[in-house]
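Asker: Just dropping this structure here.
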Amino acid sequence: MFFYAGARALLVSHWEVYSDATVKLVTKAVRAISDDAVGRAEALRRAMLDMIDNGAPHEAHPSYWAPFVVVGEGAAPT
């Protein structure tokens, strides 16, 4: 339905997520897309790694970042 409406990509989660961690993850991913001109999938990967390496100790646990995936066009625009 989203793709039929014109969406090129979606960020979805596979299970219930922690809202504070979600805000951090999405903010970092969007910043990477705009600042570094990378694709959506790469931006999400970088945000996940940043949470693991630089987040609060509990945020390194996969339950905070692993449920998210990019569905659709994840590459950088050409």
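Asker: Filter segment 21-31 for residues that are open to solvent by 50 Å² or more (accessible area, probe 1.4 Å) and at pLDDT below 90 and give the result.
Answerer: none
Asker: Consider segment 1-42. How many of its residues are of a type in the set (Phe, Trp, Tyr) and under 19 Å from ASP53 (Cα atoms)?
Answerer: Residues flagged as of a type in the set (Phe, Trp, Tyr) and under 19 Å from ASP53 (Cα atoms) within segment 1-42 amount to 1.
Asker: Also, I was wondering about something else. Considering every residue within segment 37-44, establish whether at least one is part of a helix (DSSP H, G or I) and open to solvent by 70 Å² or more (accessible area, probe 1.4 Å).
Answerer: No: segment 37-44 contains no residue that is part of a helix (DSSP H, G or I) and open to solvent by 70 Å² or more (accessible area, probe 1.4 Å).
Asker: Any idea how many residues of segment 1-45 are aromatic (Phe, Trp, Tyr) and under 18 Å from PRO62 (Cβ atoms)?
Answerer: Of the residues in that region, 2 qualify.
To keep it simple, each residue is scored yes or no on (1) part of a loop (DSSP other than H, G, I, E, B); (2) out of contact with any helix residue (DSSP H, G or I) (no Cβ under 6 Å at 6 or more places or on another chain); (3) open to solvent by less than 60 Å² (accessible area, probe 1.4 Å); (4) among the small types (Gly, Ala, Ser).
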| residue | (1), (2), (3), (4) |
| --- | --- |
| VAL12 | no, yes, yes, no |
| VAL17 | yes, yes, yes, no |
| ILE33 | no, no, no, no |
| ASP53 | no, yes, no, no |
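Asker: Just one of GLY55, GLY39, GLY6, GLY72 is on the phi > 0 side of the Ramachandran plot and without any contact (Cβ under 8 Å) to a residue 40 or more places away in the chain; which is it?
Answerer: Of the residues listed, the single one that is on the phi > 0 side of the Ramachandran plot and without any contact (Cβ under 8 Å) to a residue 40 or more places away in the chain is GLY6.
Asker: Next question. Just the residues that are closer than 16 Å to ALA7 by Cβ, open to solvent by 50 Å² or more (accessible area, probe 1.4 Å) and in a loop (DSSP other than H, G, I, E, B), please, taken from segment 55-78.
Answerer: GLU73, ALA75, PRO77
The values are calculated or read from the model by the stated rules, or taken from the named source; none is laboratory data. Quick caveat: nothing in here was measured; it's all calculated off a predicted structure. Glycine also receives a Cβ, built like all others from the backbone with ideal geometry; neighbour counts cover every protein chain displayed. Accessible surface areas use protein heavy atoms only, side chains included; no ligands, DNA or RNA. Shrake-Rupley method; radii C 1.70, N 1.55, O 1.52, S 1.80 Å.
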